[in-house]
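Okay, so here's the structure we're looking at.
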Amino acid sequence: MSTDSSPTDPSSLDCDEALERLFEYLDGELNEDVEKAIEQHLAACARCEPKFEHERVFLQFIAKRAHLEQAPPELRKRLLRELMDAERRRSNE
Ligand SMILES: [Zn+2]
């Protein structure tokens, strides 16, 4: 029995393919098969997982930020700072 660690499963993606689909994945635009393949890749790949996590947090941040556009500048600045602190705290957990 050899312990060959090369990815042989044809349904699994390599890192380039996974990262290429990162934003589509985060937007939920992929079909279930591709989505599953990416989730499998992320579960197995220590290199891509943090990148996806980082982008996900970033997109959430942008989405929250969009709400702040209507707020007055002073309030916006303060909320923005609180938001960034919250994100930082979360990523440290
Ligand atoms: Zn990878």
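Got the relative contact order for the chain handy, in percent, Cα pairs under 8 Å and 6 or more residues apart? Walk me through the numbers before you get to the answer.
Details: 32 pairs, mean separation 20.8, N = 93.
Across the chain, relative contact order equals 22 percent.
222 nm [θ] for the chain, helices only, -39500 (n - 2.57) per DSSP H run of 4+, per residue, to 500? Rounded to the nearest 500, the figure is -22000 deg cm²/dmol. Taking 22 Å as the straight-line reach from the Cα of K51, the lysines in range (excluding those fewer than 8 positions away in the same chain) are K36, K64. Given axes a ≥ b ≥ c from the Cα gyration tensor, I'd like to know whether region 24-93 is rounded (a/c under 1.5), prolate (a/b larger than b/c) or oblate. Because a/c hits 1.5 or more and a/b fails to exceed b/c, region 24-93 counts as oblate. Put in order of Cβ neighbour count within 10 Å, fewest first, the listed residues I62, I38 become I62, I38.
With +1 on the Cβ of every Lys and Arg and -1 on the Cβ of every Asp and Glu, and nothing else charged, how large is the dipole of the chain about its Cα centre, in debye rounded to the nearest 20? Each step should come with its number before you reach the end.
Details: 14 positive and 22 negative charges, 193 e Å.
The dipole magnitude comes to about 920 debye.
Read-outs: derived from the displayed coordinates by stated rules, not from any lab. Since the model is a prediction, treat every value here as computed from it, not as a measurement. Cβ: placed from backbone, ideal geometry, glycine included. Neighbour counts: every protein chain shown.
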